[in-house]
Amino acid sequence: MFKVKYFEYIRTSAVIVIALAIAFLIISLVSNQPVKTIGIFLLEPLSSKGHIGNVIEMAIPLMFTGLAVSLLFRANMFNLGAEGIFYFSGVVTSVLAIHLTLDGWLHPMVAIAAGSIVGALLSAIPGILKAKWNANELVTSLMFNNILFGVGLYLLNYHLRDAKAFANVSYKFEKTALLSKMVSGTRIHTGLIIVIVLIIAAHLFLYKTKWGYELRMTGINRDFARYSGMKTAKVIILVHLIAGFIAGMGGSVEVLGMYNRFQWTSLPGYGLDGALVAMLAKNNPLSVIGSALFLAYIRIGADMMARLSDVPSEMISIIQAIIILLISAEQFLKFWKNRMLLKEAKEA
């Protein structure tokens, strides 16, 4: 059963290779120095400690949102509300980082906990609507993104804004609220440790606990799970609470780890990127690490390519679009999977 068991990983790898091949083909058509440009895209993120740090820094929020979305997708909940929760939890954390005074590690811990709890409570609303009244979770979560962005921007403009900064940013955070850096010469912060611990905990929860089993069964077939005695409504609400907690923690960690003021005047995009990370990871918590690092790597590579060559960074949008198109296409390589199943059935 080895081949069939790992078919989805082979399929995902094939999708990435095809997407990169098409991108390289386009680069060769539009660039005056295609070999040099492709080399920049592939190798420049590894050319210095600072560039490697940039990859890891970008991967941290992608891991948070990718993990949150993968749990929702595993329960067959197509919820994209991580975007608004990530943003609004950052606002909540910023309030405590500005106005609260605590010593040492206690300050960021309290601020992050507050943002995480707010994220969980906000995420529970679409979950309750889905569990009790079967409201479409995609519609309600997208509506909540706009609502949370509007409320967060209002708080920034009228309650947190520093008029002396000559920009639409908040007052500076207390220094005790900031997360410490782990590697000198980079901005890699202790949020990396937090997210890795969360990923391991999510893996154990999903595959080693009764609640994780119920979550997976609800995702596979909600009616079957309900007829088997599982309380699927509670499962749906629970997974929304957990996902909101993780997404909220991601926004809180990103704000305290990468900034000294709150300065998001638009949705940062990490919530929607989390859906791509979850798709690449096949909704497996441990695979989120590699998926987030891959997406961060090609984005840093595209940014360096735009700076050092004649190809714009928008090339990355083509790669992402191809990946989403092929991964979401259920028939892609399905014939190969059927052939493997028939072959193994004959051998058995």
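The values are calculated or read from the model by the stated rules, or taken from the named source; none is laboratory data. What you see is a predicted model; the values in this text were computed from it and never measured. Glycine gets a Cβ as well: all are built from the backbone with ideal geometry, and neighbour counts include every protein chain shown. What goes into the accessible areas is simple: the full protein's heavy atoms, side chains included, and nothing from ligands, DNA or RNA. Shrake-Rupley method; radii C 1.70, N 1.55, O 1.52, S 1.80 Å.
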| remark: Within segment 36-52, restricting to residues that are within 22 Å of the chain's Cα centre (by Cα) and closer than 14 Å to residue 295 by Cα, the one that is most open to solvent (accessible area, probe 1.4 Å) is 52
| request: Please work out which residue is surrounded by the fewest Cβ atoms within 10 Å (Cβ to Cβ), limiting yourself to segment 297-326 and to residues that are assigned to a loop (DSSP other than H, G, I, E, B) and in contact (Cβ under 8 Å) with a residue 60 or more places away in the chain. | output: 310
| note | Counting only residues that are within 15 Å of residue 305 (Cβ to Cβ) and either loosely packed, with under 12 Cβ neighbours inside 10 Å or in contact (Cβ under 8 Å) with a residue 24 or more places away in the chain (or both), segment 15-24 contains a total of 2
| said: Going by what's in this entry, would residue 257 be described as under 29 Å from residue 175 (Cβ atoms), modelled with pLDDT of 95 or more and part of a helix (DSSP H, G or I)? | reply: yes
| task | Only residues that are farther than 15 Å from residue 279 by Cα and at pLDDT below 80: list them for segment 1-32, please. | result | 1, 2, 3, 4, 5, 6
| note | Just one listed residue, out of 75, 163, 135, is touching a residue at least 40 places away in the same chain (Cβ under 8 Å) and either within 28 Å of residue 295 (Cα to Cα) or of a type in the set (A, V, I, L, M) (or both), and it is 75
| Flag for residue 255 being crowded, with 23+ Cβ neighbours inside 10 Å, more than 12 Å from residue 67 (Cβ to Cβ), under 17 Å from the mean Cα position of the chain (by Cα) and of a type in the set (Val, Ile, Thr) | yes
| Tell me, which helices (runs of 4 or more DSSP H) wholly within segment 107-225 include 2 or more residues that are among the polar types (S, T, N, Q) and surrounded by fewer than 19 Cβ atoms within 10 Å (Cβ to Cβ)? | 137-155
